[in-house]
1. With a ≥ b ≥ c the root eigenvalues of the C-alpha gyration tensor of segment 230-306, is it rounded (a/c under 1.5), prolate (a/b larger than b/c) or oblate?
2. Can you tell me which of 259-268, 296-305, 165-174 comes out highest on packing, and rank the rest after it, using the mean Cβ neighbours within 10 Å?
3. Ordered by packing density, taken as the mean number of other Cβ atoms within 10 Å over each peptide's residues, highest first, how do 346-354, 277-285 rank?
4. Checking the table Lys91/Lys291; Lys178/Lys244; Lys92/Lys291; Lys244/Lys298; Lys244/Lys291; Lys62/Lys91 against a 22 Å threshold on Cα-Cα, which pairs fail?
5. Compute the distance from the alpha-carbon center of segment 96-163 to that of segment 243-314, in whole Å.
6. Loop-only check: which GluC sites (Glu not before Pro) in segment 41-140 are DSSP coil with at most 15 other Cβ within 10 angstrom?
7. Show me, for segment 235-251, the HN-Hα J-couplings you get by feeding each phi into the Karplus relation (A = 6.51, B = -1.76, C = 1.60, θ = phi - 60°), rounded to Hz, glycine and proline as x.
8. Relative to the Cα centre, what is the charge dipole magnitude of segment 161-297, using +1 at the beta carbon of each Lys and Arg, -1 at the beta carbon of each Asp and Glu, and rounding to the nearest 20 debye?
Amino acid sequence: MNESRLAETSQAGHTTTESTIPGGNMSYKRVTLSQFLMEGQHRYGGSGTLTSLLTDIRTTCKMISHEVNRGAMAGNMGVAGTENVQGEEQKKLDVLANDIFLHMTAQSGNYAAMASEELEDVHVVHGSAGRYLLLFDPLDGSSNIDINIAVGSVFSILRLPDGASGETLESFLQPGVKQVAAGYAIYGSSTMLVLTTGHGVNGFTLDQNIGVFVLTHPNMRIPEDASEFAINASRARFWEPPVKRYIDECLAGAEGPRGRDFNMRWVAAMVAEVHRILCRGGVFMYPVDDKNTKQGGKLRLMYEANPMAFIVEQAGGRAITGQDRILDINPTGLHQRVGVILGSKNEVDRLERYHQDYEATAGKAEV
Ligand code: F6P
C-alpha cells in the first residue's frame with residue numbers, strides 16, 4: 001500500500017498540508033475562508049468583529065452567486081422596471097442582490113448603517129449597536145447579466161467615527177485610507193471572493209459542491225510592468241490629452257515610443273478588469289473625459305473606486321484619478337463620481353507623469 005507523505009507548506013503565513021504523491025487528492029487540506037479569518041484574528045489580535053463582518057459578506061456573496069448562476073431558470077433575467085438613484089435602469093438581479101446584501105449583513109448587528117449604489121440615502125440598521133458602516137455595489141457590471149458574462153459585488157467597510165451616529169451621511173464621508181476592509185466577489189467561470197484587511201490581498205474560490213470558499217490565490221501581487229490596457233475606446237473622441245497620448249503610444253506598439261506591442265481588453269465590469277489585473281497585471285481606466293467632466297467621471301468613489309484602490313495598493317499597484325491618489329480624496333457625497341486609473345505601478349506612474357506634463361504645458365499656455 002502506498003504511504004502518503006505529507007509536506008507542510010506555508011501560504012502567506014497559512015499552513016496547508018500537501019501531498020507529495022503526484023496527483024494525490026488532498027483538496028480537503030486546503031485553507032477555508034473561515035480558517036483564514038480566524039487565523040488572521042489570532043495573528044493581529046482582533047476581537048472577532050472583523051471576522052464576523054466578513055463572515056456576513058461571505059454568506060451574502062454565496063447567495064448572490066447562487067442567484068446569478070441560476071439565471072434564466074429562476075426568472076432572474078431582464079429589467080426590474082425601475083431606476084436607481086443615478087437614473088440607471090435596474091435589472092432584476094440588481095434589485096435582488098441589493099436586497100440580499102441589506103438583509104444578510106443586518107443580521108449580526110455589526111453594522112450601524114449601510115449605503116448602496118441602488119439606494120439614494122443611508123440605510124440605517126435599526127436596533128443595531130454596531131460600530132461599522134458598509135458600502136456596496138451589489139452587482140457591478142450589470143449590463144453583462146443577461147449575456148452570461150462576469151459580474152460581481154464590491155464592498156467597503158468603514159468604522160463609525162467616535163461619537164458619530166450611523167444615521168448621518170457625514171459618518172460615511174471618510175477618505176478611502178480609512179477603510180478597515182474591502183473586497184469584491186466575481187461571479188465568472190468560477191465564483192471568487194478577493195479581499196484585503198490591510199495585510200495584503202487574498203483570493204478564495206467557491207467550491208460549489210460544499211459551499212465553502214477556499215484559499216486559492218494567496219498574497220496576490222500585481223506585476224509592476226504590463227502590456228495590457230482596458231478602456232472604453234468608444235469614448236476616444238472625448239479623452240483628455242494625457243490619456244490620448246498614453247493610448248496612442250500603446251497602439252503604436254513595437255514601432256512606437258514604447259517599443260513593444262500592447263493588448264487591449266474591455267469586459268465592461270470593473271470587477272473583472274481588476275481581477276485580471278490582479279492575476280496578470282495591466283492598467284484599467286475610466287478617466288474623466290470631456291463628456292463626463294460635469295458628473296466628475298463615471299465610477300462611484302465610495303463603493304467602486306475606493307475599495308478597488310485599497311485592494312490594488314495592497315497588491316503593490318497604484319490607483320489615481322489622473323492627478324490624485326484615490327484613497328486620499330475627501331468625499332463630499334455618497335454617490336460621488338471620480339476618474340479612475342489603476343493597475344500596474346509603472347504604467348500608472350507613467351499616466352500620472354503624462355497628466356503632470358500636460359498640466360505644466362497647459363498652465364504655461366494660460367500665462
Ligand atoms: O457602472 C460601473 C460599470 O459597470 C463598471 O463596472 C464598468 O467598468 C463600466 O461601468 C462600464 O462602462 P461602459 O458602459 O461605458 O462600458
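1. oblate
2. Numbers: 259-268: 13.9, 296-305: 23.1, 165-174: 16.4.
So the order, starting with the most tightly packed, is 296-305, 165-174, 259-268.
3. On the way: 346-354: 19.0, 277-285: 23.0.
With the highest mean Cβ count within 10 Å placed first, the list reads 277-285, 346-354.
4. On the way: Lys91/Lys291 25 Å; Lys178/Lys244 33 Å; Lys92/Lys291 29 Å; Lys244/Lys298 18 Å; Lys244/Lys291 14 Å; Lys62/Lys91 19 Å.
Beyond 22 Å between Cα atoms: Lys91/Lys291; Lys178/Lys244; Lys92/Lys291.
5. Cα centroid of segment 96-163 versus Cα centroid of segment 243-314: 25 Å apart.
6. Values: sites: Glu67, Glu83, Glu88, Glu89, Glu117, Glu118, Glu120; in loops: Glu88, Glu117, Glu118, Glu120.
Sites meeting the loop and neighbour criteria: Glu88, Glu120.
7. 9, 3, 5, 9, 4, 7, x, x, 5, 4, 4, 4, 5, 4, 5, 5, 5
8. Working: 13 positive and 15 negative charges, 57 e Å.
About 280 debye.
The values are calculated or read from the model by the stated rules, or taken from the named source; none is laboratory data. Every value quoted in this text rests on a predicted model; they were computed, and no experiment measured them. Note: ideal-geometry Cβ built from the backbone for every residue, glycine included; neighbour counts use all protein chains shown. Accessible surface is based on the protein model in full, side chains and every heavy atom, while ligands, DNA and RNA are left aside. Shrake-Rupley method; radii C 1.70, N 1.55, O 1.52, S 1.80 Å.
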